[in-house]
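Asks: Pasting a structure here, questions to come.
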Amino acid sequence: MAQGIGWALYEGIGYDADGQPDAASLMDYTLPRSTMIPDIDVVLVQVASELGPYGAKGVGEPPAIPGAAAVANAIRDAVGARMLNLPMRQHDVLASIPEA
């Protein structure tokens, strides 16, 4: 969840007029900290895979993919702005609100 929220709201590299990145190192790159992530209730759904040994299946980064879509849909429901680019920073959301 934290990775999906980070991708949706914080992580991104912009470039100046000369094409130089504004985040030259991880010191300049915003990654979500524990204070930036809400409390999350985890519900495990265990469904064995027929393809993996002993019912195992791959886990890791794939669950992070729907996080950005969920945040974009929450923004759309809350303020009517359809966000199409990541990260969805506050100034981008404000500029995308209809009639703003």
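The values are calculated or read from the model by the stated rules, or taken from the named source; none is laboratory data. Computed from a predicted model, the values in this text were never measured in an experiment. Heads up, the Cβs are rebuilt from the backbone with ideal geometry, glycines too, and the neighbour counts pull from every protein chain shown.
Asks: For region 51-60, indicate whether the set of residues that are under 24 Å from Gly12 (Cα atoms) and at pLDDT 85 or above is non-empty.
Replies: no
Asks: Take the conditions surrounded by 10 or more Cβ atoms within 10 Å (Cβ to Cβ) and assigned to a loop (DSSP other than H, G, I, E, B) and apply them to Asn73. Does it pass?
Replies: no
Asks: For region 4-36, give me each residue that is out of contact with any Ser or Thr (no Cβ under 9 Å at 6 or more places or on another chain), within 18 Å of Gln90 (Cβ to Cβ), not aromatic (Phe, Trp, Tyr) and not in a helix (DSSP H, G or I).
Replies: Of everything in region 4-36, those that are out of contact with any Ser or Thr (no Cβ under 9 Å at 6 or more places or on another chain), within 18 Å of Gln90 (Cβ to Cβ), not aromatic (Phe, Trp, Tyr) and not in a helix (DSSP H, G or I) turn out to be Ile13, Gly14, Asp22, Thr30, Leu31, Pro32, Arg33.
Asks: Take region 76-89 and flag every residue that is surrounded by 12 or more Cβ atoms within 10 Å (Cβ to Cβ) and closer than 16 Å to Gly6 by Cβ.
Replies: Those that are surrounded by 12 or more Cβ atoms within 10 Å (Cβ to Cβ) and closer than 16 Å to Gly6 by Cβ: Met83, Leu86, Pro87, Met88, Arg89.
Asks: Moving to a separate point now. So, in region 82-100, of the ones that are over 20 Å from Gly12 (Cα atoms) and not β-branched (Val, Ile, Thr), which residue ends up nearest to the chain's Cα centre (by Cα)?
Replies: Pro98
Asks: Look at Asp92 and say whether it is among the acidic types (Asp, Glu) and surrounded by 13 or more Cβ atoms within 10 Å (Cβ to Cβ).
Replies: It is true that Asp92 is among the acidic types (Asp, Glu) and surrounded by 13 or more Cβ atoms within 10 Å (Cβ to Cβ).
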